[in-house]
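Each remark here refers to the structure printed beneath this line.
Every number here is computed from the coordinates shown, using simple stated rules; none is lab data. Just so you know, these numbers come straight off a predicted model, no measurement behind them. Backbone-built Cβ (ideal geometry, glycine too); neighbour counts: all protein chains shown.
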Amino acid sequence: MTILPLRGVAAQVVALSILTWATAAAQSTDAASMIARIEAAQVPNRQGFDGFTLTELMQRFRVPGVSIAVIKDGRIHWAKGYGVADVATGRLVDTGTVFQAASISKPVFAMTVAKLAQDGRISLDADVNTLLKTWKVPDSEHTRDQKVTLRSLMSHTSGASDGFGFPGYNPDEPRPTLVQIITGEKPSNVGVVRFTRAPYVGFQYSGGGVTLAQLAVTDAIGRPLADLADELLLKPLGLTRSSFEQPITDRLSANAAFAHNPGGRRSGPASWHVYPEQAAAGLWTTPRIGNSMAPSFTVSPTLTLNWSSSAGSSTTPGSACMRDHASAGAVCTLP
């Protein structure tokens, strides 16, 4: 073993300290430079609105508050809040302000299910009816050869043709169960989830299919989605200000962005809508990952939610329809 003189050790410590400081300073400068570029008008103006600054763009579309996170090399490079969370009080948006994540809920739910599958607690490729207890996918000519699976539901290739987005519910109004949402029974405010194609034949966006996946998971495991996501995903990742709880918890509501209408005014007496369709639309989250910047677990790459059949064949659709499906009702036939 080589023993360095004290002076040499001190020199190395000083050099390491300088290097650490220089790296942090460079990263800070890099982030500040990127923030300035994003906040400024974009040149050249290619899309009609590039000439607006971020603040001008928010004013143009009457958006009271915005939350941004930029990912670089697999980590959050920087996060920042803009504007106000509530126009009535002027409360500012910061990186701890929780927003309704809408359909970003879907991939977070899918990651939770992938973790359950990795742990051997659920199968992505089993007939979903073997998981369901409170409702069943009706047998039909479409499911004769290939059953509906969690994999097909979460990849929008199950044959469900609803194309649903979800408007949510006033907190003071009755809310439907998941079965009532799937069957279109009141007080549900959407239609029936129907299966009109065989699984894996085509892609069609299906919020109803993801809601059925939520029902299958909670039926099979016997626990609420919010609890499962918190235990398996959110807490291990340090997502201390994220939750699938509906309605929002008191802990998060103190710094939550209120709902505003297209005119930029508070939407009404309710601060926000409630979404029993938690997997499809119910996540509350921020651009900040608590105090942790790296996951504390990994999910096996074999659990990717691609378009694969139970027989093992798979396709990687790359058509313009898949990439640009502007209409929720569009159906993309897979190769």
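Relative to the present Cα-Cα distance, how much length would full extension add between ASP73 and VAL179 at 0.36 nm per residue of separation? Provide the component values of the computation, followed by the final result.
Numbers: separation 106, 0.36 × 106 = 38.16 nm, distance 4.15 nm.
Full-extension gain reported as 34.0 nm.
Annotation: aspartates and glutamates with alpha-carbon distance below 18 angstrom to LYS72 (same-chain offsets under eight excluded): ASP30, GLU39. If you plug the beta carbon distance of GLU231 and ILE104 into 1/(1 + (r/R0)^6) with R0 = 25 Å, you get a FRET efficiency near 0.80.
Given a Förster distance of 41 angstrom, what is the FRET efficiency for ARG144 paired with ALA254, based on the Cβ-Cβ distance and rounded to 0.05?
Numbers: r = 53 Å, r/R0 = 1.28.
FRET efficiency, ARG144 to ALA254: 0.20.
Over 28 Å apart at the Cα level, from the set LYS80/LYS235; LYS147/LYS235; LYS115/LYS147; LYS106/LYS235; LYS106/LYS147, are LYS147/LYS235.
For HIS260, the residues 5 or more places off, or on other chains, whose built amide H falls under 5 Å of its own are SER267.
Summarising the amide proton neighbourhood of GLY65: residues at separation of 5 or more, or on other chains, whose placed amide H is nearer than 5 Å comprise VAL84.
Placing pseudo-labels 7 Å out from each Cα toward the beta carbon at GLU39 and LYS136 gives an inter-label distance of 6.0 nm.
When the Cα positions of TYR82, ALA69, PRO107 are compared along the charge dipole of the range 67-110, PRO107 comes out farthest toward the positive end, with charges on each C-beta of Lys, Arg, Asp and Glu. Looking at the range 127-217, the trypsin sites (Lys or Arg not before Pro) that sit in a DSSP loop and have at most 13 other Cβ atoms within 10 Å of their own Cβ are LYS133, LYS136, ARG144.
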